[in-house]
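Below is one structure, written out as structure tokens; the observations come after it.
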Amino acid sequence: MKSIFSHVKLYKIVAATILVLVAFAAMPEQAKAQGGKRVVQLSGFVTIGDSLYGVSSVSVYVPGTNRGVQTNQYGFFSLPVLTGDTVIFSALGYKRETLVIPKTYPSDSYSIIMQMQEAAIELSEVKVIPWATERDFKEAVLALKLPDEGRTAANRNLDPERLRELFEVVPMDGNANSRVFNQQQRIQQQNRHMIPTISPFAVLKLLDMLKNGEFKKQ
């Protein structure tokens, strides 16, 4: 009886081995090539441009897989990848960066310093108004009726006679006084250094009057 159970157990082991060999032989060529890749521990530091400031919460992942991490508060990360993988570095407000692990990379570790470049994002203009459309807003403005008291005060303040009276009575402020003072200083400097000009025709006429003795006759 013991011999029969031993033969049954051996038969099960042989059958399981055959099933494994058949399953491996039926695997596609791409799956076999996947097994030929080596595991590499990718570690690094993500910075802003050429500075030494680390960028936190940067997504570091391999597209099409479930392998990915985020940088810590100092900008460091560590992620296991395979040789030949393309690693993406992505973060809000920065341009996306790409790193390709060489297929023939010989070491088990890969260390880098990834420099992220800031991306300027210009948002479209947003208008916030208490009306559904701009047309409704224009109609509401045109239909607006100002109270008579406010209209009377506006007309009184814009009266030319009233403005002329205020111009003569209200004193100048500091800016106006400064402008007038500087203008007067410039005029004085110009008058001080200005060379008087005499018309040459007037000089000739004066010489003729002296020759004719007109000044002696007078």
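The values are calculated or read from the model by the stated rules, or taken from the named source; none is laboratory data. None of the values given here were measured: they were computed from a predicted structure. Reconstructed Cβ throughout: ideal geometry from the backbone, glycine too, with neighbour counts over all protein chains shown. When the accessible area is computed, the model is the full protein with side chains, heavy atoms only, and any ligands, DNA or RNA have been set aside. Shrake-Rupley method; radii C 1.70, N 1.55, O 1.52, S 1.80 Å.
Points to keep in mind about this one:
- Ranked packing of 110-122, 172-184, 71-83, most packed first, by mean Cβ within 10 Å: 71-83, 110-122, 172-184
- Rolling a 1.4 Å probe over the protein heavy atoms leaves residue 156 with an accessible area of roughly 140 Å².
- The magnitude of the dipole of the stretch 59-146, with charges of +1 and -1 set on the Cβ of Lys/Arg and Asp/Glu and taken from the Cα centre, is near 120 debye.
- Using heavy atoms of the protein chains and a probe of 1.4 Å, the accessible area assigned to residue 95 is about 110 Å².
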